[in-house]
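In what follows, a single structure is set out as structure tokens and then discussed.
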Amino acid sequence: MRTAAHRIRLVASAAMLATALSAGAAATAAPHAPAPAPTAVTAAAAAPAAAAQASWPTVKSGQRGVDVTTVQLLLTARGHATKADGVFGSGTAAKVKAFQKAHRLAADGIVGPATWTRLVVTVKAGSKGTAVKALQHQLTANGHATKADGVFGSATTAKVKAFQKAHRLTADGIAGPNTWSALVRGGGSGGGKPGGGGKLSDAQASARLKAAGISRVSSGNCTNRNRKNCTSLQGIRVGTVNGVISLKKKSGCKVVVTGGTETGHSGGTYSHWNGYKVDISRTPCVTNYIQSHAKKHHKRRDGAWVWRVTSGGKTVVDYADERWANHWDITYY
């Protein structure tokens with residue numbers, strides 16, 4: 001005869017068996033169930049992941065130019081108010097360190113890839129503020145002149161789309177991490193080579209340089225490439241123009257083109273005539289920048305010292321110091 005205690009144990013065992021069978025059925029069905037909707041945390045994590053895929057320059061103390069202005073405006077947008085004077089001094093370095101500490105980054109005061117990833121702000125039509133102003137400064141510096149009023153209107157949208165198309169990005173008019181990265185790098189589509197890409201007409205090249213605040217002069221006050229006393233941009237490479245614009249951006253110096261694709265220069269594959277070379281005025285600002293960012297490499301037969309920039313073991317830019325002519329002869333390979 002079963003006792004009351006024995007009957008209680010039987011009921012408990014049956015209940016446990018039913019629970020186990022139910023859990024097994026649920027586990028079998030789980031692979032066919034729809035995945036849960038992404039949470040806010042998941043969505044937020046996607047932005048840094050996208051930014052990590054981009055390529056970023058390094059901006060640090062002592063530098064000047066639009067990239068520094070961009071850092072300063074973005075710091076302000078992120079709650080670390082900074083004077084946007086385009087000069088990376090001790091005040092800006094302190095703000096960068098404060099931002100890095102707040103985001104648990106190495107507080108070295110240097111804006112590298114990890115800091116850029118957290119610093120950039122995705123902006124689009126309807127956005128307002130200092131992040132938009134930073135974007136507008138970058139667009140102008142990259143040859144897409146835009147009024148820096150801090151308002152992301154239809155004109156700014158059009159300029160962003162034009163920039164994105166030129167750089168083979170999705171032309172959606174939204175400035176996200178990849179667009180910001182292309183802007184601050186200052187490079188061009190260039191067919192994969194800094195000095196490569198297609199050729200421009202004199203008018204096209206002149207417009208791009210003018211939009212970036214770069215002028216040109218010639219002793220003959222002319223643009224005919226068949227006259228050696230002219231300064232012509234006819235047939236200059238896209239990458240060469242982008243390189244000069246990048247130099248202007250990174251250095252913060254006044255840049256004046258004094259020689260282009262006109263006749264009278266030395267020949268060769270990477271020549272003025274073929275659009276790979278350009279001469280710019282030899283000012284103290286330009287000279288200091290080049291000698292600080294390139295490595296003194298060799299002396300040419302004509303006596304000009306060449307300062308070289310390499311990447312991945314390949315020569316990217318050669319700056320030849322033609323002191324006697326008061327200009328730098330630059331080759332973008």
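The values are calculated or read from the model by the stated rules, or taken from the named source; none is laboratory data. All of these numbers come straight from a predicted model, not from anything done at the bench. Please note: Cβ atoms are built from the backbone with ideal geometry, for glycine as well, and neighbour counts cover all protein chains shown. Note: accessible area is taken over every heavy atom of the protein model, side chains too, but ligands, DNA and RNA are not part of it. Shrake-Rupley method; radii C 1.70, N 1.55, O 1.52, S 1.80 Å.
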Next on the checklist: If the requirement is being modelled with pLDDT of 50 or more and part of a helix (DSSP H, G or I), which of these qualifies: LYS97, LYS83?
Outcome noted: LYS97
Checklist entry - Assuming TYR270 fulfils every condition listed in (1) in contact with a strand residue (DSSP E or B) (Cβ under 6 Å, 6 or more places away or on another chain); (2) open to solvent by 10 Å² or more (accessible area, probe 1.4 Å); (3) not in a loop (DSSP other than H, G, I, E, B) apart from one, which condition is it? => result (3)
Checklist outcome for this item: Log entry, pairs with first residue in region 113-133 being basic (Lys, Arg), second being open to solvent by less than 30 Å² (accessible area, probe 1.4 Å) and assigned to a helix (DSSP H, G or I), beta carbons closer than 6 Å, six or more apart or on different chains, reads LYS133/LEU73
Item to check | Looking only at region 282-333, and only at residues there that are under 16 Å from GLY260 (Cβ atoms) and touching a Ser or Thr at 6+ places or on another chain (Cβ under 6 Å), the one that is most open to solvent (accessible area, probe 1.4 Å) | outcome: HIS327
Checklist entry - Do you know which of the residues in region 183-211 that are charged (D, E, K, R) and not in a helix (DSSP H, G or I) is modelled with the lowest pLDDT? => result LYS193
Checklist entry - So which residues in region 57-104 are open to solvent by 30 Å² or more (accessible area, probe 1.4 Å) and of a type in the set (A, V, I, L, M, F, W, C)? => result ALA77, ALA81, ALA84, VAL87, ALA94, ALA98, ALA102
Checklist outcome for this item: Only unsatisfied item for ALA125, checking (1) among the small types (Gly, Ala, Ser); (2) under 30 Å from THR240 (Cβ atoms); (3) at pLDDT 95 or above, is (2)
Checklist entry - Can you name the condition, by its number, that ALA158 falls short on among (1) farther than 24 Å from ALA81 by Cα; (2) of a type in the set (A, V, I, L, M); (3) in a loop (DSSP other than H, G, I, E, B); (4) modelled with pLDDT of 95 or more? => result (3)
Next on the checklist: Anything in region 116-136 that is touching a Ser or Thr at 6+ places or on another chain (Cβ under 6 Å) and open to solvent by 10 Å² or more (accessible area, probe 1.4 Å)? List them, or say none.
Outcome noted: ALA125, THR130
Item to check | Qualifying residues in region 215-245 (those that are among the aliphatic types (A, V, I, L, M) and open to solvent by less than 10 Å² (accessible area, probe 1.4 Å)) - the one farthest from the chain's Cα centre (by Cα) | outcome: LEU233
Checklist entry - Only one residue in LYS277, LYS295 is free of Cβ contacts under 8 Å to residues at least 24 places away in the same chain and not aromatic (Phe, Trp, Tyr). Which one? => result LYS295
